Amino acid sequence: MDFVVHTNLTPLPTIHVVSDSVGLTAQSLARAAAAQFGVTNPCIEVLPKVRKFDEVKRFLEDHMQLHRELKGSPRILVCYTIVDKELRTRLAEFAASEPDIIAIDLMTQVIDAISDLSGLEPSSKPGGLHVADQHYFRRIEAIEFTIAHDDGQNPEDLTKADIVLLGVSRSSKTPLSIYLSQLGYKVANVPLDSQTEPPKELFAVDPTRIFGLMTTPELLVEVRKRRLAKAEHVASSYSEYEAVCEELASARDLMRKLGCIVIRTDNRAIEETAQEILRYYESAHPQY
């Protein structure tokens, strides 16, 4: 088996993912865990859609050998999501017999707990999370809508959005929009600045669907300076404190006129901000 050798520049070990689906669940959990160590893009090697134990065994043995050659130690970390009981059992037994493999089963305990409490038997069908049901298609539609309405694009469709986000440049509009779209919400975001009139269609949107994003001028200046880096002289007013204060004041005035809810984004994770938005949104739109 041939491998592309990835140089891991982080202090964390490479995370080896084994899955009888595509491995997205394990990769998401691995990234979430790595983020606790300040690493947002860990090195991950994936063996997806496995059907035979021989594939798994060869993958693990080859990677142990690769680690031995590159790092002087064959020890590897393995996270697996396998719903096929026989395959999962064989992998667990093999890992237990190899002192150089640290293996973590990310599925079994949750599946067993749900089965015990519900009295139901799991389907043992790989990729159940990604079945093309109505929820899947809703998420895809939401993501497509959100991408098409990022950064003020297609303002004529603002009334079709589930959620409209307003904010000045670098206030987390786009990452927040993408995160919410992955939960199935159609999101449009509109950039605000003190020199440009907001789209007239914004005033036709139900205020309970509009959320203004607000941060501190100090944090915004810092973020914008990092963004500009060596090109700061090109648009110095973009990161000047007084200009930033003026932008934020203008944005706040518009939010008051619209009667929308204002959400603080400073020093908060995207997930935390999204949950606050959804608490307000679902309270006003419980049928969603």
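Computed from the coordinates by the stated procedures, all read-outs in this text should not be read as laboratory data. Quantities reported herein were computed from a predicted structural model and do not represent experimental measurements. Neighbour counts are summed over all protein chains in view; Cβ atoms, including those assigned to glycine, are modelled from backbone coordinates with ideal geometry.
For residue 166, list long-range residues whose amide hydrogen, built 1.01 Å from N in the peptide plane, is under 5 Å from its own amide hydrogen.
Close amide H contacts, sequence-distant or interchain: 190, 211, 212, 213.
Per residue of region 250-257, what does 6.51 cos²θ - 1.76 cosθ + 1.60 with θ = phi - 60° give for ³J(HN,Hα)? Whole Hz please, x for Gly and Pro, Karplus curve as stated.
Ordered by residue, 3J(HN,Hα) equals 5, 5, 5, 4, 5, 4, 5, 4 Hz.
Using the Cα atoms as the points, what is the convex hull volume per residue of the chain in Å³?
Details: hull volume 50.1 nm³, N = 288.
So the per-residue Cα hull volume is 174 Å³.
Please compare each pair in 186/257; 49/186; 200/225; 57/85; 49/71 to a cut-off of 21 Å on the Cα-Cα distance and tell me which ones are over it.
Working: 186/257 23 Å; 49/186 31 Å; 200/225 31 Å; 57/85 16 Å; 49/71 28 Å.
Over 21 Å apart, Cα to Cα: 186/257; 49/186; 200/225; 49/71.
Can you list residues from other chains, or at least 5 along the same chain, whose modelled amide H is less than 5 Å from the amide H of residue 15?
Here the answer is 43, 44, 45, since their amide H atoms fall under 5 Å of that of residue 15.
Of 168, 46, 110, which has the largest mean-square fluctuation in a 10 Å C-alpha GNM of the chain?
Checking each option, the largest mean-square fluctuation is seen for 110.
Report, in deg cm²/dmol and to the nearest 500, the calculated mean residue ellipticity at 222 nm for the chain, where each DSSP H run with n ≥ 4 adds -39500 (n - 2.57) and the sum is divided by the residue count. All intermediate terms of the calculation are to be shown ahead of the outcome.
Numbers: 9 runs with 124 residues, N = 288.
Taken over the chain, the calculation gives -14000 deg cm²/dmol.
About the Cα centre of the chain, how large is the charge dipole given +1 on each Lys and Arg Cβ and -1 on each Asp and Glu Cβ? Please answer in debye to the nearest 20.
Numbers: 32 positive and 42 negative charges, 33 e Å.
With only Lys, Arg, Asp and Glu charged at Cβ, the dipole is about 160 debye.
Mean separation of Cα pairs under 8 Å and 6+ residues apart, divided by the residue count of the chain: what relative contact order is that in percent? Walk me through the numbers before you get to the answer.
On the way: 415 pairs, mean separation 36.9, N = 288.
Relative contact order, the chain: 13 percent.
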